[in-house]
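K.L.:
Can you read through this structure? Questions will come right after.
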Amino acid sequence: MATLTSIILMVERRVTRVALFLGSLALVLAFLAGAYQIIARFILFQSAAWSEPFIQLALIWMTYLTVASAMRTGSLISVDLMLRKTTGRLRAALRVFGTLAMLLLLGVLLWFGIEIVLRVKYQTIAGLNISASWAYLALPIGAAFSILALIAHVLDPPQAVDETSPDTTE
């Protein structure tokens, strides 16, 4: 029987993979809409009123979906200089503080993301004629995915280069 940790890691791996795929797809769609906008405006001499809000919507979703992948690898929660300069209990305390700070931030994003989705459900996005909730829904969904990825990062940190080694970028 699988342990709770292995189940969490399995679910997170799949969710993060899907989120990264959808975020990448959103970037491609934003690029295609931008290319169409340029062609429509400067070659066809016709305005595409939907393209600008669509690009914004796609980039918002891309950002909030792909942050889970960065969270999983520890890219957003590392404080490299302080980690390199500390050892032992101080380093462990720094890691715990960073994780708790990120959980707090993601919890706030989740809570207020849900609040704003509910508050703007009757507003529409000009040019797309869809509810503004679709844009703001990226906040709680991205936060939920990121919380799962952060928990997975704590349970199974990725193998990294030795943090005590001197910085070789100088």
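Here, each number is a calculation from the coordinates, and none is a lab measurement. Remember, predicted model here, so these are calculated numbers, not experimental data. Every residue, glycine among them, receives a Cβ derived from its backbone with ideal geometry; neighbour counts consider all protein chains shown.
K.L.:
Among the listed residues Ala58, Ala35, which satisfies the condition of being part of a helix (DSSP H, G or I), crowded, with 18+ Cβ neighbours inside 10 Å and either under 16 Å from the mean Cα position of the chain (by Cα) or without any contact (Cβ under 8 Å) to a residue 60 or more places away in the chain (or both)?
P.N.:
That would be Ala58, the only listed residue that is part of a helix (DSSP H, G or I), crowded, with 18+ Cβ neighbours inside 10 Å and either under 16 Å from the mean Cα position of the chain (by Cα) or without any contact (Cβ under 8 Å) to a residue 60 or more places away in the chain (or both).
K.L.:
I've got another one for you. Could you say whether any residue in segment 7-26 is surrounded by 14 or more Cβ atoms within 10 Å (Cβ to Cβ) and without any contact (Cβ under 8 Å) to a residue 40 or more places away in the chain?
P.N.:
yes
K.L.:
Please verify whether Ser51 is touching a helix residue (DSSP H, G or I) at 6+ places or on another chain (Cβ under 7 Å), surrounded by fewer than 16 Cβ atoms within 10 Å (Cβ to Cβ) and not hydrophobic (A, V, I, L, M, F, W, C), treating the condition exactly as stated. It would help to see each step written out before you state the result.
P.N.:
Working: touching a helix residue (DSSP H, G or I) at 6+ places or on another chain (Cβ under 7 Å): yes; surrounded by fewer than 16 Cβ atoms within 10 Å (Cβ to Cβ): no; not hydrophobic (A, V, I, L, M, F, W, C): yes.
Considered against the rule, which asks whether it is touching a helix residue (DSSP H, G or I) at 6+ places or on another chain (Cβ under 7 Å), surrounded by fewer than 16 Cβ atoms within 10 Å (Cβ to Cβ) and not hydrophobic (A, V, I, L, M, F, W, C), Ser51 comes out as no.
K.L.:
Take Thr3 and decide whether it is within 13 Å of the chain's Cα centre (by Cα) and either of a type in the set (S, T, N, Q) or more than 20 Å from Leu150 (Cα to Cα) (or both).
P.N.:
So Thr3 does not fit the description; no.
K.L.:
On to the next question. Tell me which residues, restricted to segment 106-142, are loosely packed, with under 14 Cβ neighbours inside 10 Å and assigned to a helix (DSSP H, G or I).
P.N.:
Within segment 106-142, Gly107, Val108, Trp111, Glu115, Leu118, Arg119 meet the criteria.
K.L.:
Which number in (1) among the small types (Gly, Ala, Ser); (2) part of a helix (DSSP H, G or I); (3) surrounded by fewer than 12 Cβ atoms within 10 Å (Cβ to Cβ) marks the one condition that Ala2 misses?
P.N.:
Every listed condition holds for Ala2 apart from (2).
K.L.:
Mind telling me which of the residues Val154, Val108, Val117 ends up being aliphatic (A, V, I, L, M) and under 28 Å from Trp50 (Cβ atoms)?
P.N.:
Val117
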